[in-house]
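J.: Got a structure for you, questions after.
The values are calculated or read from the model by the stated rules, or taken from the named source; none is laboratory data. Everything quoted here is computed from the prediction, not taken from an experiment. Don't worry about glycine lacking a Cβ; one is built from the backbone with ideal geometry, like all the others, and counts go over all protein chains shown.
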Amino acid sequence: MSFQTGLAGLNAATKNLDIIGNNIANANTVGAKASRAEFAALVSSAGSGGTDTGQGIGVAVAAVSQQFTQGSINITGNSLDVAINGGGFFQITTSEGKAAYTRDGQFKLDREGNLVTNQQANVMGYTLDSLGQPTSVTPGKLVVPTGAPIAASATTSITAEVNLDARATVATDSATPTPFTKYGTAVTAFDSQGLEVPLNVYFVNVGPDATAIPPVVKDAWDVFDGGSQAAGQTALTQNATIKATNAANKALDIKNTALNAAVPPPAPLLPTYASGGIPANQPLKASGSLFRMEFGADGTLLRMIKPALVTGTGSAAVTTPEVVLPLDKQSITLKSTNPAIGDFSAMLDLTKTTQFGSSFQVTKLTQDGYTAGDLTGVSIDQTGVLETKYSNGQTKRLAQLTLADFRNPQGLTPISGGAWVETFASGQPIQGLPTKGKFGELRAGAVEDSNVDLTAELVAMMTAQRSYQANVQTIKTQDQAVQALVNLR
């Protein structure tokens, strides 16, 4: 049986060379995994007498084992290239509709916006809602809306973090009030059609001021928007004159009251408040402000109010009491340039405002509206979330790649295109998300190189060649022995 032994060795060596050659051919194939031939000895089960002889009759390839070790990560810079660093396979659906699995993350967008492999297999994952949560428990084909722009969104919230200078002069203490622009900032909001709506916010120091009517007893700043700028500026300009008149009236009242007391009737009485000869003091004006902010001794925001307002003079004076507002965002009105839209509301958040003895500065100024935008790019993060980027600076989390793993990856059957399909031996796929449990994280802009060790394969090839030559030699030697036997006469 020596011929059979040699032939078995030749067959095994040939298969081994085939496997080594395939490994070498795929040394630069993204996501490829090396395989190895595993041999088993063949032994004759029984001799001519029916008993077990234990005689070897050659070798066979018992299995071709795939090596699912991690390949090196190669940076490519292509935003749709994705490498798995750790366990798991990308889930794909072939053009024939068959479920398959791959480590090759060289993804593309086809003409319909589907995320596909180079073999046009659809990449599978979960579609996400506006909160970034999956909309289904079953993976589906991932589609990027490449042709549709993102719609405009009206501004609903504006946030500013500001420090107001505690050294600022109270505006009513000067005949020329501090310009609004010294303590102001601007932001561009958007209406529902994406049209720009400029908003200017100004801060005016109005306290403490004991001479105000009613008095302002705490550090306080009035907040104006651009629409109330003119009214507020006019009022503050008038305050200096009003204060001077009120002070002169008060001095005259004190003087005349003392003189009237010193000179009894029937001497003519000099004009006083009581006699109505001196006008009652006029209230200082602060009209047009959105609201007032009051600060505590530590410079932090204490409360927000609609300040009390005195209208009229003398006996006709009417005081509207102050209204304490929630220490929260305050509603303001924005005006669209489109008459069809008109006024719309937004919330202004100034709750992080401080008053410290340092220069006025705005450390944060944001708003949540935006105009319409076209798709400019797509990226994938380490958790597999696919995010689209638009020309208006917005991003949108559309979908998330899913991964799959198997109890026995060795049982997977390879198919063309660097993919595998499940078999009974592999078991059913276990689905999961990147970075969760035993699943690895994703590296965008990179691919996983083949795990083939080219040097080791070349050495293995030489070893397989020697094995092939040695088996040829056993056949040749057996042939010579048979020929010698035939030549006996």
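Residue by residue, here is whether (1) within 25 Å of residue 276 (Cα to Cα); (2) outside the structural domain of residue 186 (by TED's automatic domain parsing); (3) surrounded by 15 or more Cβ atoms within 10 Å (Cβ to Cβ); (4) at pLDDT 85 or above holds:
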| site | (1), (2), (3), (4) |
| --- | --- |
| 211 | yes, no, yes, no |
| 227 | no, no, yes, no |
| 236 | no, no, yes, no |
| 243 | yes, no, yes, no |
| 246 | yes, no, yes, no |
| 251 | yes, no, no, yes |
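J.: Out of everything in region 330-384 that is touching a Lys or Arg at 6+ places or on another chain (Cβ under 6 Å) and of a type in the set (D, E, K, R), what residue ends up being nearest to residue 224 (Cα to Cα)?
T.: 349
J.: Suppose the filter is touching a Gly at 6+ places or on another chain (Cβ under 6 Å) and within 30 Å of residue 470 (Cβ to Cβ); does residue 8 pass it?
T.: yes
J.: Report yes if some residue within region 402-419 is more than 27 Å from residue 132 (Cα to Cα), modelled with pLDDT of 90 or more, among the charged types (D, E, K, R) and part of a strand (DSSP E or B); otherwise report no.
T.: no
J.: Run residue 126 past the list (1) within 28 Å of residue 374 (Cα to Cα); (2) in contact (Cβ under 8 Å) with a residue 12 or more places away in the chain; (3) assigned to a loop (DSSP other than H, G, I, E, B) and report the number of the one that doesn't hold.
T.: With (1) within 28 Å of residue 374 (Cα to Cα); (2) in contact (Cβ under 8 Å) with a residue 12 or more places away in the chain; (3) assigned to a loop (DSSP other than H, G, I, E, B) applied to residue 126, the lone miss is (3).
J.: Is at least one residue of region 4-23 at pLDDT 90 or above, in contact with a Lys or Arg (Cβ under 8 Å, 6 or more places away or on another chain) and in a loop (DSSP other than H, G, I, E, B)?
T.: No - not one qualifying residue is present in region 4-23.
J.: Okay, next question. Taking residue 310 as the residue in question, decide whether it is in a strand (DSSP E or B), at pLDDT below 90 and of a type in the set (A, V, I, L, M, F, W, C).
T.: Working: in a strand (DSSP E or B): yes; at pLDDT below 90: yes; of a type in the set (A, V, I, L, M, F, W, C): yes.
Yes, satisfied.
J.: Here is a further query. So how many residues does region 24-36 have that are part of a loop (DSSP other than H, G, I, E, B) and touching a helix residue (DSSP H, G or I) at 6+ places or on another chain (Cβ under 6 Å)? Break it down into steps so the answer makes sense when it comes.
T.: Step one: filter region 24-36 for residues part of a loop (DSSP other than H, G, I, E, B), giving 26-34.
Cutting the leftovers down to touching a helix residue (DSSP H, G or I) at 6+ places or on another chain (Cβ under 6 Å) gives us 27, 34.
Final tally of qualifying residues: 2.
J.: In addition: For region 338-370, give me the residue count where each residue is β-branched (Val, Ile, Thr), surrounded by 11 or more Cβ atoms within 10 Å (Cβ to Cβ) and closer than 28 Å to residue 391 by Cβ.
T.: Residues flagged as β-branched (Val, Ile, Thr), surrounded by 11 or more Cβ atoms within 10 Å (Cβ to Cβ) and closer than 28 Å to residue 391 by Cβ within region 338-370 amount to 3.
J.: Determine which member of the set 90, 68, 39 is among the aromatic types (Phe, Trp, Tyr) and either assigned to a loop (DSSP other than H, G, I, E, B) or at pLDDT below 85 (or both). Write out each step before concluding.
T.: On the way: 90 fails: either assigned to a loop (DSSP other than H, G, I, E, B) or at pLDDT below 85 (or both); 39 fails: either assigned to a loop (DSSP other than H, G, I, E, B) or at pLDDT below 85 (or both).
Testing whether each residue is among the aromatic types (Phe, Trp, Tyr) and either assigned to a loop (DSSP other than H, G, I, E, B) or at pLDDT below 85 (or both) leaves just 68.
J.: A follow-up question, please. Given the condition more than 16 Å from residue 381 (Cα to Cα), of a type in the set (A, V, I, L, M, F, W, C) and crowded, with 17+ Cβ neighbours inside 10 Å, answer yes or no: does some residue in region 99-111 qualify?
T.: yes
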